[in-house]
Amino acid sequence: MNQRLFWDKFFEKVFKGTAWVAVLTLVGIFLMLLINSARAFETISFAEFFSGTAWNPAAYGEATYGIGAMLFSTLLVTIGAMLIAVPLGIGAAAFLSEVASPRTRNILKPAIEMLAAVPSVVIGFLGIVLVAPALAKIFDLPHGLNALNGSILLAIMALPTLISVTEDAIHAVPQHYKEASYALGANRWETLLRVTLPSCTSGILVAIMLGLGRALGETMTVLMATGNATAMPNGFFDSVRTITATVAIEMGEVPFGTPHYFSLFACALVLFLITLLVNIAAERVAAGYRRKGQ
Amino acid sequence: MLSMRTVLYCSLIIFLAGCTRRNVETITIKGSDTEVNLVLQLAEAYMETNPAISVSVTGGGSGVGIAGLLNGRLDVANSSREINNHELVLASERNIAIEHFIFAADALAIICHPSVPIDSMSLDDLGKIFSGEIQNWQQLGGAAGIISLYGRQSNSGTFMYFRERVLGKDYAPGIKQMNGNAQILEAVKADPNAIGYISLGYLTDETGALRHGIKVIKLTTEPGKIAISPLDRAAIKAGLYPLTRPLFHFSNGTASDIIRAFYDFEKSPAGQKIIAQNGYLPPSEAGLAFNSVK
């Protein structure tokens, strides 16, 4: 008995420690980004960093550190991805949970989840050899290495999360809601659209935010497929370079301790704050959702 | 029983492999994307005759190689550009004495999509195209079409060399920054308005024939002179092609005996044969004279 108690306590401590390690890591990452970013602003002015649109630390003449065009590109690609992934994801989730036969669902669901396991380099490669030429052909462009290509690929990468979480949310809608709707004479389509989906809005919001976080932080795929032009894009058909791609491209070659080195931390900090906000928002919505569930 | 025996043999092999490993001396080489395939082939040929030495070669860009050498992670940095003043200052701060060895020469080829109606241009016009002063093929007498620029990322020696030699200022911000020579080649093939720069080694296939789907632009240094193609070896050797450059190895301090032995192999007829097979040129007389490792 004594021994059992000991192991009980022991593992409680171990797992408590593990949980705290996660928290400390997050705080550590944040502090590291903050401290290194602060050093960037010793030489680069806030105004230049946030309002400038030209990012050229390895310039021929004077180096410029403006995050504007990259920030806009990141948002452009991410929002584009969400515009594609959200309707598709919700539709697919609704189909899986409400319409598909158990047999179809048993095939489709693991297949969709498997999509999440495809490495991002592979998706980026598909973007170069498959999506880019197709886009160039469809829209009559000289090349398809643009923001739209990135959006399509990120949409594919965000879909598994979106579908899984949305489907769980739809599943959690109590059966008697639907039964009441049927009893009032609504058909399946009306029930889905007017009763089931509205009653799990917050769950769907969480799914969207998680998908958004995934798309924001993705590096390799956009690095390969969007052409990496640092100019301010005019739309989805222009080549763009996202913040993640910039950090990935430039971190390898930059000598330690230079303004360029610290500026990359500042870029990473901006990205970190955006994803943190998205995740906090998702957490908030999810908390409200759980309260409502009870 | 069989499985038991297999396990025994396997562990014996692993054990022996562990033993031999310890006696192998390793040279770690990293850097230039232009050089990576060439140096890899040289290393493989060298290891065949010298099994006691293991040479590992990876790419990433000249800037990445030099940064790796400065950060003490490499034996040799491959670079398609000279080391710059800023890097030399960092090296002396860290007590690293940079030694350079030129083992081959390369010519940078300007390639276009075959549908571009221009066969030759002056170095001056080339600079105007890549800096964005000339934006339409019409301005050079071709059919109307917005010129689509493909170049490398700032970690690339070729990026720096081309900017220094041809532009003398910054690249146009709309230039698409590709990950390596092979990516530029593929992108130019697919884009009817494309122009890009790649190294000689990527211009031809294994048989020495020009790769399909691209057109090589001949260059003139002054108006009225004959335009020279980078495929014209005699003209390059005579110093008539303007974008000829040496390919460097950089090492820390006086090269150790094993590095020196590898350099000697590169200089030998067997090494020079591999260099020629890959489409590159022997080092120029001036290059050999410039070497600090003889």
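Observations, loosely collected:
- Filtered trypsin sites (Lys or Arg not before Pro), region A:1-89: DSSP coil and at most 15 other beta carbons within 10 Å: none
- Residue-averaged [θ]222 nm for the protein assembly as shown, counting only DSSP H segments that reach four residues, each worth -39500 (n - 2.57): -17500 deg cm²/dmol
- Loop-exposed chymotrypsin sites (Phe, Trp or Tyr not before Pro) per DSSP, neighbour cap 13 Cβ within 10 angstrom, longest uninterrupted part of chain A: A:1-138
- Residues whose placed amide H lies under 5 Å from that of B:ILE27, excluding near-sequence neighbours: B:SER54, B:VAL55, B:SER56
- Net lengthening on full extension, B:GLU44/B:LEU240 (0.36 nm per residue, minus Cα-Cα): 67.2 nm
- Taking 31 Å as the limit for the C-alpha separation, the pairs B:LYS128/B:LYS225; B:LYS176/B:LYS215; B:LYS30/B:LYS273; A:LYS137/B:LYS30; B:LYS169/B:LYS267; A:LYS137/B:LYS128 exceed it in the case of A:LYS137/B:LYS30; B:LYS169/B:LYS267.
- Nearest 10 degrees, 0 to 90: helix A:2-43 Cα axis against chain A principal axis: 40
- If you model region A:141-263 as an ellipsoid using its alpha carbon gyration tensor, with each semi-axis the square root of five times an eigenvalue, the axes come out at 43, 17, 10 Å, biggest first.
- Extended-chain gain in nm, criterion 0.36 nm per residue less alpha-carbon gap, A:ARG188 and A:HIS176: 2.9 nm
- Our compactness index for region B:78-169, the C-alpha radius of gyration over the empirical 2.2 N^0.38 Å, is 1.41.
- Average projection, convex hull of the Cα set of region B:33-122: 8.8 square nanometres.
- An ellipsoid equivalent to region A:3-91, defined through the eigenvalues of its Cα gyration tensor, has semi-axes of 42, 26, 8 Å when rounded to whole angstrom and sorted largest first.
- Ranking of B:MET160, A:MET32, A:MET224 by neighbouring Cβ atoms within 10 Å, starting from the fewest: A:MET32, B:MET160, A:MET224.
- Restricting the calculation to Cα atoms, every distinct pair contributes to the Kirkwood radius of chain B, found to be 20.6 Å.
- Value of Rg to Rh for the protein assembly as shown (Rh from inverse mean 1/r over Cα pairs, i.e. Kirkwood): 1.04
- Relative contact order computed over chain A (Cα-Cα under 8 Å; 6+ residues apart), in percent: 25
- Loop-resident GluC sites (Glu not before Pro) (DSSP state other than H, G, I, E or B) in region B:159-213 with no more than 16 further Cβ atoms inside 10 Å of their Cβ: B:GLU206.
- All-pairs Cα distance distribution in region B:92-141, expressed in whole percent, bin size 10 Å: 17, 36, 14, 18, 13, 2
- Projected onto its three principal axes, the C-alpha set of region A:55-293 covers 74, 42, 30 Å, listed from the longest axis down.
- Taking every residue in A:240-251 and counting other chain Cβ atoms within 10 Å of its Cβ, the average works out to 2.
- A Stokes-Einstein calculation at 20 °C with viscosity 1.002 mPa s, built on the Kirkwood radius of region B:36-78 over Cα pairs, returns a diffusion coefficient of 194 µm²/s.
- Burial ordering of A:THR25, A:THR221, B:THR244, B:THR207, fewest other beta-carbon atoms within 10 Å first: B:THR207, A:THR25, B:THR244, A:THR221
- Cα-based Rg of region A:52-179 normalised by 2.2 N^0.38 Å, two decimals: 1.40
- Considering only the Cα atoms of region B:139-211, their convex hull presents on average a projected area of 5.8 nm².
- Inter-chain neighbour count for A:221-230: the average number of beta-carbon atoms from partner chains within 10 Å of each residue's beta-carbon is 4.
- Kirkwood-type hydrodynamic radius, region B:107-237: 14.8 Å, calculated from all non-identical alpha-carbon pairs.
- Residues whose amide H falls under 5 Å from that of A:TYR60, counting only those 5 or more places apart or on a different chain, are B:ASP170, with hydrogens built in the peptide plane.
- Taking θ as phi - 60° and the Karplus parameters 6.51, -1.76 and 1.60, the scalar couplings of region B:120-132 work out to 9, 7, 8, 4, 4, 5, 4, x, 5, 5, 6, 8, x Hz in sequence order, x denoting glycine and proline.
- Its Cα centre serving as origin, region B:107-237 has a Cβ charge dipole (Lys and Arg +1, Asp and Glu -1) of approximately 140 debye.
- Sorted by Cβ density within 10 Å, fewest first, the residues B:ASP191, B:ASP170: B:ASP170, B:ASP191
- For residues of B:165-176, the mean tally of beta carbons on other chains within 10 Å: 5
- Fluctuation leader among A:GLU98, A:GLU62, A:GLU42 - chain A, Gaussian network, Cα springs under 10 angstrom: A:GLU62
- Taking N as its residue count, the alpha carbon Rg of region A:2-43 over 2.2 N^0.38 Å: 2.00
- For region A:232-294, the dipole from Cβ point charges (+1 on Lys and Arg, -1 on Asp and Glu) about the Cα centre works out to 580 debye, to the nearest 20.
Every number in this text was worked out from the coordinates using simple rules, so none of it is lab data. Since the model is a prediction, treat every value here as computed from it, not as a measurement. Positions of Cβ are backbone-derived with ideal geometry, glycine not excepted, and every protein chain shown enters the neighbour counts.
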